[in-house]
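Following: one structure in structure tokens, then a few remarks.
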Amino acid sequence: MAGALRASLAGAVALALAGGGWVLLRDTPAAPAAAPVATGTVPVTVGDVAARELANGTLTYAAAYSVNGAGGVLTRLPKLGARITRGHAVYEADGGRAILMYGPRPAWRAFALGMTSGADVEQLERNLRALGYTGFTVDRTYGLSTYYNVRRWQHDAHLPVTGAVPLGQVVFLPRPLRVTGHDAQVGDAAGGRVLHGTSAVPIVSVQLDPSMAPRVGKGDRVTVILPDGRRRGGQVATISTVAVTPDQPQQDGDPAQSYVPITITLSGRPVRALDQAVVQVEITVERHKDVLTVPILALLAQPGGRFAVVTVQGSRRTTVPVETGLFDETEGTVEVTGVPEGAQVEVPRE
């Protein structure tokens, strides 16, 4: 049979002679048209854009302190992780509490009427004032007014009320103490190192790639991404001027990579994360201020690696080529030229 057999029903199977054989022909339904993407418009605005890079960091705590006893037998030690603030006991020896006060100068002698004046006396008086005791002048002299306020403090702190402060009754540290280890046990002599710890100020330690170091400065704002995904603001507190090269090679045997140590302080409420937890730090390496910006989603890819945006004015839509500058992936914006400030550009709706 020459020719084709005509199907009697639309979509039915037809038989046709092709190359001396019979083949089955089926009607193929057309693919459904893609649903149109819902769009809206946003204005071209003037703002800042920043390029950021990620670096790994370690959450830890600022400074390291050790506490030495002044004799006697240890009768109580604080729990590991305890946070001790001004006016509270650091440890006990012979049943007497050693009270934390703030200051950079360690206690090295007893305080009493008739003692020579000194900076340590002023340090003690500043703490008495901070604890709410008044009626004396903060100076370097241990006078009668200091004596009577020491008695008041000792009474309130449930210490022997003598008006004199024996060596070991106060421990001076620059700030609150976070206890991280015991160097003696209850029952040991309290004549040497008793415990050690850090401040209660969380910081992030970063081993920065030397190539990034010239673009990072003290005081720069950063974003710290915690292990649970929360983001916290931070600030570069210190940055070394010298790169460090570890002595140990990498696991694959290659020479260890040098790095620049920096520390970052965190802003806002206290961080609830494990000491030595690994975090990510988002560091701004370039910033352009007061430039025209549009959402990155407004960009349309064009041939040759170029971009355009669609401007909307009433019912009129116009594709306008633009030049892109800095991409701010965190904020989702991009620097552009080629469109005026205030122009409405098309973006997909979420």
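The values are calculated or read from the model by the stated rules, or taken from the named source; none is laboratory data. From a predicted model like this one, the values you see are computed outputs, not experimental measurements. Cβ sites come from the backbone with ideal geometry, for glycine too, and all protein chains shown count toward neighbours. Protein only, heavy atoms only, side chains kept; ligands, DNA and RNA dropped before computing areas. Shrake-Rupley method; radii C 1.70, N 1.55, O 1.52, S 1.80 Å.
Within the range 197-231, the residues that satisfy the criterion of being under 15 Å from ASP275 (Cβ atoms), in contact with a Phe, Trp or Tyr (Cβ under 9 Å, 6 or more places away or on another chain) and not hydroxyl-bearing (Ser, Thr, Tyr) are GLY197, ALA200, VAL201, PRO202, ILE203. Checking GLY163 against (1) without any contact (Cβ under 8 Å) to a residue 60 or more places away in the chain; (2) open to solvent by less than 80 Å² (accessible area, probe 1.4 Å); (3) at negative phi, which single condition isn't satisfied? Unmet for GLY163, out of (1) without any contact (Cβ under 8 Å) to a residue 60 or more places away in the chain; (2) open to solvent by less than 80 Å² (accessible area, probe 1.4 Å); (3) at negative phi: (3). Only residues that are in a loop (DSSP other than H, G, I, E, B) and either in contact (Cβ under 8 Å) with a residue 12 or more places away in the chain or over 30 Å from VAL224 (Cα atoms) (or both) were counted across the range 323-350, and they come to 11.
Taking each residue of the range 310-322 that is open to solvent by 50 Å² or more (accessible area, probe 1.4 Å) and looking for partners that are in a loop (DSSP other than H, G, I, E, B) and of a type in the set (Gly, Ala, Ser) with beta-carbon atoms closer than 7 Å, six or more apart or interchain, yields PRO321/GLY338. If GLY197 passes every condition in (1) open to solvent by less than 60 Å² (accessible area, probe 1.4 Å); (2) in a loop (DSSP other than H, G, I, E, B) but one, which one does it miss? So the condition that GLY197 fails would be (2). If you go through the range 55-96 and pick out every residue that is over 15 Å from GLY191 (Cβ atoms), of a type outside the set (A, V, I, L, M) and outside any strand (DSSP E or B), you end up with 8. Could you say whether any residue in the range 238-247 is in contact (Cβ under 8 Å) with a residue 24 or more places away in the chain and buried (at least 17 other Cβ atoms within 10 Å of the Cβ)? Yes; the residues of the range 238-247 include at least one that is in contact (Cβ under 8 Å) with a residue 24 or more places away in the chain and buried (at least 17 other Cβ atoms within 10 Å of the Cβ).
The set of residues in the range 36-71 being open to solvent by 60 Å² or more (accessible area, probe 1.4 Å) and closer than 22 Å to GLY103 by Cα consists of ALA64, ASN68.
Inspect the range 44-53 for any residue being in a loop (DSSP other than H, G, I, E, B) and modelled with pLDDT under 90 and give the result as yes or no.
So far as the range 44-53 goes, no, none of its residues is in a loop (DSSP other than H, G, I, E, B) and modelled with pLDDT under 90.
Considering only the range 326-342, state which residues are on the phi < 0 side of the Ramachandran plot and exposed (fewer than 15 other Cβ atoms within 10 Å of the Cβ).
GLU329, THR330, THR337, PRO340, GLU341
The condition (being touching a strand residue (DSSP E or B) at 6+ places or on another chain (Cβ under 6 Å), basic (Lys, Arg) and not in a loop (DSSP other than H, G, I, E, B)) is satisfied by just one residue among ARG151, ARG178: ARG178. In the condition set (1) more than 23 Å from the chain's Cα centre (by Cα); (2) closer than 30 Å to ARG287 by Cα, HIS155 is compliant with all but (2). Here THR311 meets each of (1) modelled with pLDDT of 95 or more; (2) under 15 Å from GLY40 (Cβ atoms); (3) under 31 Å from the mean Cα position of the chain (by Cα) with one exception, condition (3).
Look at ARG86 and say whether it is in contact with an Asp or Glu (Cβ under 7 Å, 6 or more places away or on another chain), in contact (Cβ under 8 Å) with a residue 12 or more places away in the chain, open to solvent by 50 Å² or more (accessible area, probe 1.4 Å) and closer than 19 Å to VAL179 by Cβ.
no
Each residue in the range 117-145 was checked for being assigned to a helix (DSSP H, G or I) and either in contact (Cβ under 8 Å) with a residue 40 or more places away in the chain or closer than 16 Å to MET101 by Cα (or both), and 12 of them qualify. Looking across the range 253-308 at every residue that is closer than 20 Å to ASP228 by Cβ, of a type in the set (D, E, K, R) and surrounded by 10 or more Cβ atoms within 10 Å (Cβ to Cβ), the one that is farthest from the chain's Cα centre (by Cα) is identified as ASP275. Total residues in the range 97-115 satisfying the condition of being closer than 16 Å to GLY163 by Cα and in a loop (DSSP other than H, G, I, E, B): the figure is 6.
What is the one condition in (1) closer than 23 Å to GLY47 by Cα; (2) loosely packed, with under 11 Cβ neighbours inside 10 Å; (3) of a type in the set (A, V, I, L, M, F, W, C) that VAL345 does not satisfy? Status for VAL345: all satisfied but (2). Selection over the range 171-190 of residues that are surrounded by 21 or more Cβ atoms within 10 Å (Cβ to Cβ), touching a Leu at 6+ places or on another chain (Cβ under 7 Å) and under 20 Å from THR60 (Cβ atoms) gives a count of 3.
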